[in-house]
1. Which members of the stretch 189-206 meet the condition of being in contact with a His (Cβ under 8 Å, 6 or more places away or on another chain) and assigned to a helix (DSSP H, G or I)?
2. Which of the residues belonging to the stretch 239-261 are buried (at least 22 other Cβ atoms within 10 Å of the Cβ) and among the charged types (D, E, K, R)?
3. Can you tell me which residue is farthest from T187 (Cα to Cα) among those in the stretch 270-289 that are modelled with pLDDT of 95 or more and open to solvent by 20 Å² or more (accessible area, probe 1.4 Å)?
4. Strands (runs of 3 or more DSSP E) wholly in the stretch 61-160 with at least 1 residues that are surrounded by 19 or more Cβ atoms within 10 Å (Cβ to Cβ) and at pLDDT below 95 - which ones?
Amino acid sequence: MIRPVLFVDLPGIIYTMDRRARSKQHEYANFVCWLEPVERDFAPAPLLRNILRINPASRTWICEDHWRLLGFAQVQERPSRRGWDLSYLASMTNRTISSEEILTALLDYALEAAATHGILRIFAKVEDDAPEQELFLRSGFQRYARELLYVYNGGQQPADGTGLNLSSLRRWHRHYAWGLHQIYRATTPQRVQMAELLDSSEEYAQLHVGTQNPMTALFQGGSENYVCDMGVRLGAWLRLCRGHGTTPHRICLNVHPEHTDLAEPLLKFGINRLLEYSAQRIYCFVREYDTGVITALRNSGFEHDSTRVLLVRHVARLAMKSSTVPLLEQRAAYGLKGLGTVNSRQKLMR
């Protein structure tokens, strides 16, 4: 049986338990999709999360048999409220049913839920060599890109970053949203743009930069956004997310193709600024086609760690009422070819 649960931190707790078990050569669950700790930088801080146990932008479902947990799935709603990110999909190890059957049932349930909630697209990230990719392909998902994880372990101390033209560096402001979206359009292949359909600059900025509400930023904390304003366009965008405890730092970097020389100085600036806070590892996720940033990462001491495939599933929205079907006229008739030579007609009323 599959049912929703309100305690949305359940997947994260099991993920932490599984990582601890794996450090002792044990396995607690089989994770197909998961969120790295550094990928949760838009989630509420632990204090706020403990006070407000329910995140309205998250939906969690569990698969169980006689109160025995078999697997679970969780989705995160995108700012546009038209898309979901499949943040967790996993099956437990101590089970009597095959992992494939459990994962398929959870995936199908999520797709049905998306259709009933008016969601148009579901996105997922799966390891490049994971056999579970076939489950997604059989469910109608399509591969559209790959995401590479580069890690800086501090083995190479960067320079001071004096090569960066500091006069072009600006703190983020919401009026830069259009320029940031233009960097995305200039660096992203058409097939990827068609898969993601991020046509709104405000939606794109909210998805990647996050909310700029002062009260929300106070709880989230630990993040800084910069742009390089070249006058006619934005040359680059840099986001720094400070890690806490065992959570690594994170750098996000987008550079316009005509200003690739900004990549290395910006990385050095970001590394130095994060290491001033604490000496921890630094993560950077980059798309496979962003070759300028990849080259800069390698030259700055980052090493490739893993690769995940980006998947998307376009969902057909269910029309449950006649009023949800758009019609140009109050009455519309559709001709239906009947048996033999008889033509029948069906009328739809608004």
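1. Residues satisfying the conditions are S201, Y204, A205.
2. R250
3. If we take residues in the stretch 270-289 being modelled with pLDDT of 95 or more and open to solvent by 20 Å² or more (accessible area, probe 1.4 Å), then Y283 is farthest from T187 (Cα to Cα).
4. Counting at least 1 such residues, we get 68-77, 83-92.
The values are calculated or read from the model by the stated rules, or taken from the named source; none is laboratory data. Given the structure is predicted, the values throughout are model-derived calculations rather than measurements. With ideal geometry, Cβ positions are generated from the backbone for all residues, glycine too; neighbour counts draw on all protein chains shown. Heads up: the accessible areas ignore ligands, DNA and RNA and are worked out on the full protein's heavy atoms, side chains in. Shrake-Rupley method; radii C 1.70, N 1.55, O 1.52, S 1.80 Å.
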